[in-house]
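Visitor: To start, I am sharing the structure in question, which I have written as structure tokens.
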Amino acid sequence: MITASLQRGIAAGILSAIFAIGTGPAVLAQSQRGQQSTRPAAAKPAPTAKPKPATTGTNAAKPAAAGAAAGASAASAARPAQAATGPGGASLLTSYGDWGVYTAQTGRSKICYALSQPKDRLPKNVNRDPAYLFVSFRPAENVKNEVALVLGFAAKENGPAEAAIGNASYALIAKATNAWLKNPAEEGQAIATMARSGTVTVKMQSARGSSLTDRYSLTGFGKALEHARKECAS
């Protein structure tokens, strides 16, 4: 019989295979939990697409440009966490505050997730790759509320790692450049805490021994999470 944590790991591995890091191959690192189950790595979606600057001239703005401006206004000045489309056909549906809602299709299975990037990274003088925090849903594998992080640096094996959400703190487990809640049973509680809190502060130790901190805004998280959940409920 497949254990619940192993089933979640399998689903996360499929998600990893869909979303490539930047333009490179997907990372399929695994972190072991006990003797029976593994939890494959989170994969980093493609970098944020920079909008093209508007052109000026004697003619009025083109309808397409006007439409884009109207769309930006309707998003309440929210900046998409990511490009409108991602590897494997992932599509940005909408954004809420600092969070984006994405969907992807793999075979007959649909994957939905809410994603954000850190607002602050300390120390500022340490070079790192982009980082991401996201919550995934995969109904075909009975996976929901899966909290995952792409760290943007190699973490120290068995080093100190935690996510502080409001007044609560959750232990993390890291493997290479990825991390998850150490206890998957806490994911529902952690997400509920995120929905009523302002920030998530992730503290890790790098493989080089540096203590690193990433702070994520939770502005828009509740709406993005609910949207992603509904997308995968249909």
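Conditions (1) within 26 Å of Gly220 (Cβ to Cβ); (2) open to solvent by 50 Å² or more (accessible area, probe 1.4 Å); (3) in contact with a helix residue (DSSP H, G or I) (Cβ under 7 Å, 6 or more places away or on another chain), marked per residue:
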site	(1), (2), (3)
Asn125	no, yes, no
Arg138	yes, no, yes
Glu146	yes, no, yes
Glu162	yes, yes, no
Leu172	yes, no, no
Ala176	no, no, no
Asn183	no, yes, no
Gly188	yes, no, no
Ala192	yes, no, no
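To keep it simple, each residue is scored yes or no on (1) at pLDDT 90 or above; (2) assigned to a strand (DSSP E or B).
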position	(1), (2)
Ala77	no, no
Ala81	no, no
Ser91	no, yes
Gly100	yes, yes
Thr103	yes, yes
Cys112	yes, yes
Leu115	yes, yes
Asn125	yes, no
Ser136	yes, yes
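Visitor: For the structure I just gave you, tell me whether Gly188 is farther than 21 Å from Thr103 by Cα and touching a residue at least 12 places away in the same chain (Cβ under 8 Å). Break it down into steps so the answer makes sense when it comes.
Guide: On the way: farther than 21 Å from Thr103 by Cα: no; touching a residue at least 12 places away in the same chain (Cβ under 8 Å): yes.
Spelling it out, it is not the case that Gly188 is farther than 21 Å from Thr103 by Cα and touching a residue at least 12 places away in the same chain (Cβ under 8 Å).
Visitor: Where the second residue is in a loop (DSSP other than H, G, I, E, B) and surrounded by fewer than 18 Cβ atoms within 10 Å (Cβ to Cβ) and the first is among the aromatic types (Phe, Trp, Tyr) and lies in region 194-217, which pairs have Cβ atoms under 8 Å and are six or more apart or on separate chains?
Guide: As it stands, the answer is Tyr216/Lys119, since those pairs meet every condition given.
Visitor: Restricting attention to region 187-223, which residues are under 19 Å from Ala168 (Cα atoms) and charged (D, E, K, R)?
Guide: Of everything in region 187-223, those that are under 19 Å from Ala168 (Cα atoms) and charged (D, E, K, R) turn out to be Glu187, Arg196, Lys203, Asp214, Arg215.
Visitor: Within region 209-234, can you find the residues that are outside any helix (DSSP H, G or I) and of a type outside the set (A, V, I, L, M)?
Guide: We begin by selecting, within region 209-234, every residue outside any helix (DSSP H, G or I); these are 209-220, 232-234.
Correct list: Gly209, Ser210, Ser211, Thr213, Asp214, Arg215, Tyr216, Ser217, Thr219, Gly220, Cys232, Ser234.
Visitor: Could you give me the residue pairs with C-beta distances under 9 Å whose first residue belongs to region 165-176 and is at positive phi, whose second residue is polar (S, T, N, Q) and open to solvent by less than 40 Å² (accessible area, probe 1.4 Å) wherever it lies, and which are 6+ apart or on separate chains?
Guide: Listed pairs, sorted by first residue: Gly166/Thr193; Gly166/Ser197; Ala176/Ser31.
Visitor: Which one is farthest from Ala161 (Cα to Cα), of the residues in region 199-217 that are within 17 Å of the chain's Cα centre (by Cα) and open to solvent by 40 Å² or more (accessible area, probe 1.4 Å)?
Guide: Thr199
Visitor: Here's another thing I want to ask about it. Here are some residues: Val143, Val202. Which one is β-branched (Val, Ile, Thr) and modelled with pLDDT under 95? I'd like the intermediate steps shown before the answer.
Guide: Working: Val202 fails: modelled with pLDDT under 95.
It is Val143.
Visitor: For region 210-230, which positions are of a type in the set (A, V, I, L, M, F, W, C) and in contact with a helix residue (DSSP H, G or I) (Cβ under 9 Å, 6 or more places away or on another chain)?
Guide: Within region 210-230, Leu218, Phe221, Leu225 qualify.
The values are calculated or read from the model by the stated rules, or taken from the named source; none is laboratory data. None of these values were measured; they are calculated from a predicted model. Positions of Cβ are generated from backbone atoms using ideal geometry, with glycine treated the same way; all protein chains shown enter the neighbour counts. Surface accessibility is based on the protein's heavy atoms, side chains included, excluding ligands, DNA and RNA. Shrake-Rupley method; radii C 1.70, N 1.55, O 1.52, S 1.80 Å.
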